[in-house]
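Single-structure report; data block below.
The values are calculated or read from the model by the stated rules, or taken from the named source; none is laboratory data. These numbers were taken from a predicted model, which means no experiment stands behind them. Because the Cβ atoms are built from the backbone with ideal geometry, glycine has one as well, and the counts that use them run over all protein chains shown.
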Amino acid sequence: MTSPDLETAEQHLTLDVSARKSAFRDFRRALRAVARDPGPDEATRLALRAVDPDLGYTELMALRRLVRLEEDSASKPLRVAVLGGATTIQFVQLLELFLAAHGVAATFYESEYGVFRQELLMPGSGLDRFGPDVIVVATDSRDVSFPAFTSDVKDAESVLAREAEGWAALWESAATRHGATVIQNTFEVPPWSVFGNFGLRHPGAPQNFLNRLNAWIAEHAPPHVVLHDLQALASRAGEREWFDPRFYHEAKMPCGPESLVEYGHSVASVIVAIRGRSRKVLVLDLDNTLWGGVIGDDGPEGIVYGQGSGEGEGYVAFQRYAKALYDRGVVLAVCSKNDEAVAREAFEKRDMVLGLDHFACFVANWQNKADNLRQIAERLDLGTDSLVFADDNPAERAIVRRYVPEVAVPELPDDPAGYIRAVARHHYFETVSFTREDGERVHYYAANAKRSELLSASVDLGEFLQSLEMKATVEPVCATNLARVAQLVNKSNQFNLTTKRRTAVEIEKLAADPDWTTLTVSLSDRLGDNGLISVIFLQRQEEALVVDTWLMSCRVLLRGVEEFVLNEIVEVAADRGLVRVEGIYAPTPRNGMVADHYEKLGFECAGEEGDGSRWTLAVASHEPREHFILCERSSIHA
Amino acid sequence: MRDRLQQVFRDVFDDDELEIHDAMTAAEVPDWDSLQHVNLIVAVEAEFGVRFATAEISGLKADGQNVGTFQALIEQKVRARSGS
């Protein structure tokens, strides 16, 4: 039987955040009871589900105290160092809370206030001993040296060059000393200017200088430096609102407490993106979400959409926003209570920004939306934690929050004019790179649907694969594919034999090491280009070639890529004069699909390896595996 | 007023048993450090819709200041806001 306190907490979590704010004390009381019985783990789970950037500073700090973050021995926590120009204690508490709510376990190191330069540059510093994966340089415009007001362009340029050199040296040190990814703030322009509007043009004015510095950073920061746009965040909050001088003078807080919530949430979103944990799919309801009215009652001509009414234009704007997300690589799907034919008719008969082609999955029926969302995730071969669900109906939102809590369900306001902000303010789809594959990802889903059609029409698998006319390109890791490789290494869960996460810096280093061979495979076929879909890192260990990393995008499963890659691996081993290939399977909750990967490829089991298994294949006895992939160009042995 | 203030103290110091009284000072509450002080100010400002000046924020922990003087200050600000 569920305890009444547990039930109170669960009920609370089905509510929209605006309603949760006023009921927060009851929720907190229920959580404290849950922490006693059934226990702190349960209370932590519930508290993390409650975390939302629209809660206030006080509520989030209360949640932070309720949460017990214990080191999860199964997964190595991310080591995050926060080097602040100002006080970072509260910032770190909020950052930790938002990260935990996103399922990112982290341990933290904080430098003393204002000594971030020394920490980064000096050997033997606390930072050195900590060994960070990510360094958050939590600086702001108070950490910048400005030119004198009397400066001309030339003077200002030389101050800029000196300032730029200083930041570049810190980034360089983060890469070479720590192999860490850096999160670098842009600098917020202060809300007042002694030059007034003229400050934008005069090279000696802070406004002009900070704009130049921000532009320099955006252009020159190397790949291991991820930018966090503090300037944009402060402007969105309203620069006057952002900074609260009372708490700066009194407690050296970098911004007002409520702004600190935005700041912590925003930096957490960037770290979540670095870890490949950003959301991937926007699932949309139809009636009163993409248009006004009910298509089943009002008909295609009767719904409110487009010119003629402010409200109708609000729906157009929201569709445009969804379309822009689609163009950026966010997958769109529909989940609506409707007759499918009627729902489709709206897109066929009305000229709207979104068309049926934009949806990778179109689910319109009368079943409950929790089950439908699970089904959408399954069809897209993604976890439910990849989905965001936008629905105007609070009852539907409540059901989904209750029964599929991993799905993010933002509160949509009554007025469609507020829909974009309601979705955008959560930073669900934050990204740290944009590759060709991202822009075209949405097409892969459509092409995949076509391929499965073809498969059902083909008599046997071989014939089907042949009919695809697949071509593969094999290349080592290089500057042009590093971003995509790092993305796959940090994101792939299912087809991933060892799930070793590495930063771009670490991957670059490994690619340059003569003991290592890196392979990347890009695949195209007559239906479309799949982009870079497989990454393999091989390490020579005495007479063996050890497969340290072997991962593949699930969208090319059962296409013979595994067989193709094995032949490539054995070729590398033979070229290097090695006698065997060794593979490791390290199980995680998500990669069960590759448990028998090596067995299927003819490896012999060589015993246990941690929780998993070790496999071996003699190079001499390997017969090239049959596949239907033409290798277009191979520069791996160059 | 006293009940609401007490609730804010309980929220901030995470102690549902906490009983505040006029003569209580910051030194008597074990967790009342500079960090929690900021959190208390933020929570009181949000609860009562008031705003403290910088000197009032730091002054709260000074000698001669206690929960009674704090409550009086809040009441004065609430009155000033409602113009009565």
Within segment A:85-105, considering residues that are surrounded by 20 or more Cβ atoms within 10 Å (Cβ to Cβ) and in contact with an Asp or Glu (Cβ under 7 Å, 6 or more places away or on another chain), the one farthest from A:Phe243 (Cα to Cα):
A:Val92
Within segment A:583-601, identify whether any single residue is more than 22 Å from A:Leu557 (Cα to Cα) and surrounded by fewer than 16 Cβ atoms within 10 Å (Cβ to Cβ), and answer yes or no.
no
On the given criteria, is A:Lys491 among the basic types (Lys, Arg) and at pLDDT below 90?
yes
All conditions in (1) touching a residue at least 40 places away in the same chain (Cβ under 8 Å); (2) closer than 25 Å to A:Arg177 by Cβ; (3) crowded, with 16+ Cβ neighbours inside 10 Å; (4) within 14 Å of another protein chain (Cβ to nearest Cβ) are true of A:Val82 except (4)
Check segment A:156-164 and report whether any residue there is more than 18 Å from A:Gly84 (Cβ to Cβ) and within 14 Å of chain B (Cβ to nearest Cβ).
no
Among the candidates A:Arg68, A:Arg64, single out the residue that is at pLDDT 90 or above, within 14 Å of another protein chain (Cβ to nearest Cβ) and under 21 Å from A:Glu406 (Cα atoms).
A:Arg64
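Yes/no per residue for (1) farther than 14 Å from A:Asn481 by Cβ; (2) part of a loop (DSSP other than H, G, I, E, B):
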site: A:Glu508; (1), (2): no, no
site: A:Ala511; (1), (2): no, no
site: A:Pro514; (1), (2): yes, yes
site: A:Leu519; (1), (2): no, no
site: A:Ser522; (1), (2): no, no
site: A:Arg540; (1), (2): yes, no
Residue within segment B:62-82 that is in contact (Cβ under 8 Å) with a residue 24 or more places away in the chain and within 14 Å of another protein chain (Cβ to nearest Cβ) present:
no
So is A:Arg36 within 14 Å of another protein chain (Cβ to nearest Cβ) and closer than 23 Å to A:Pro394 by Cα or not?
no
Out of curiosity, is A:Ala333 surrounded by 15 or more Cβ atoms within 10 Å (Cβ to Cβ), among the small types (Gly, Ala, Ser), over 22 Å from A:His427 (Cβ atoms) and in contact (Cβ under 8 Å) with a residue 24 or more places away in the chain?
no
Do we have A:Arg45 as surrounded by 19 or more Cβ atoms within 10 Å (Cβ to Cβ) and away from chain B (no Cβ under 14 Å) here?
no
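Here's the yes/no breakdown for (1) of a type in the set (S, T, N, Q); (2) outside the structural domain of A:Glu7 (by TED's automatic domain parsing); (3) in contact (Cβ under 8 Å) with a residue 60 or more places away in the chain:
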site: A:Asp351; (1), (2), (3): no, yes, no
site: A:Asn368; (1), (2), (3): yes, yes, no
site: A:Asn372; (1), (2), (3): yes, yes, no
site: A:Ile376; (1), (2), (3): no, yes, yes
site: A:Thr384; (1), (2), (3): yes, yes, no
site: A:Asn393; (1), (2), (3): yes, yes, yes
site: A:Glu396; (1), (2), (3): no, yes, yes
site: A:Val404; (1), (2), (3): no, yes, no
Output for segment A:171-189, where each listed residue is over 12 Å from A:His224 (Cα atoms) and touching a His at 6+ places or on another chain (Cβ under 8 Å):
A:Asn185, A:Thr186
Hits in segment A:344-371 - residues which are under 14 Å from A:Val281 (Cα atoms) and either touching a Phe, Trp or Tyr at 6+ places or on another chain (Cβ under 7 Å) or of a type in the set (S, T, N, Q) (or both):
A:His358, A:Ala360
Do we find that A:Glu340 is outside the structural domain of A:Pro53 (by TED's automatic domain parsing) and under 21 Å from the mean Cα position of the chain (by Cα) in this structure?
no
Selected residue (criterion: surrounded by the fewest Cβ atoms within 10 Å (Cβ to Cβ)) from residues of segment A:350-382 that are modelled with pLDDT under 90 and either part of a loop (DSSP other than H, G, I, E, B) or of a type in the set (Asp, Glu) (or both)
A:Trp366
Residue among A:Ala30, A:Ala100, A:Ala50 that is of a type outside the set (Asp, Glu), more than 14 Å from chain B (Cβ to nearest Cβ) and under 21 Å from A:Tyr403 (Cβ atoms):
A:Ala50
Being of a type in the set (S, T, N, Q), over 19 Å from the mean Cα position of the chain (by Cα) and crowded, with 22+ Cβ neighbours inside 10 Å narrows it down to one residue among A:Thr480, A:Thr517, A:Thr473; which is it?
A:Thr517
Does B:Val8 meet the test of being facing chain A (nearest Cβ under 9 Å), of a type in the set (Val, Ile, Thr), part of a helix (DSSP H, G or I) and out of contact with any Pro (no Cβ under 7 Å at 6 or more places or on another chain)?
yes
Give me the pairs, please: first residue somewhere in segment B:27-53 and within 8 Å of chain A (Cβ to nearest Cβ), second residue anywhere and part of a helix (DSSP H, G or I) and charged (D, E, K, R), beta-carbon distance under 7 Å, and either six or more positions apart or on two chains.
B:Ala43/B:Asp11; B:Phe52/B:Glu45
Please enumerate the residues belonging to segment B:11-26 that are surrounded by 15 or more Cβ atoms within 10 Å (Cβ to Cβ), within 12 Å of chain A (Cβ to nearest Cβ) and either more than 11 Å from the chain's Cα centre (by Cα) or more than 17 Å from A:Arg25 (Cβ to Cβ) (or both).
B:Asp11, B:Phe13, B:Asp14
Being surrounded by 19 or more Cβ atoms within 10 Å (Cβ to Cβ), in contact with a strand residue (DSSP E or B) (Cβ under 7 Å, 6 or more places away or on another chain) and either modelled with pLDDT of 90 or more or assigned to a loop (DSSP other than H, G, I, E, B) (or both), is that true of even one residue in segment A:171-178?
yes
Listing of helices (runs of 4 or more DSSP H) fully contained in segment A:227-276 that carry 1 or more residues being surrounded by 18 or more Cβ atoms within 10 Å (Cβ to Cβ) and within 11 Å of chain B (Cβ to nearest Cβ):
A:245-251, A:257-274
Considering segment A:386-406 alone, what residues qualify as being among the acidic types (Asp, Glu) and either outside any helix (DSSP H, G or I) or modelled with pLDDT of 95 or more (or both)?
A:Asp391, A:Asp392, A:Glu406
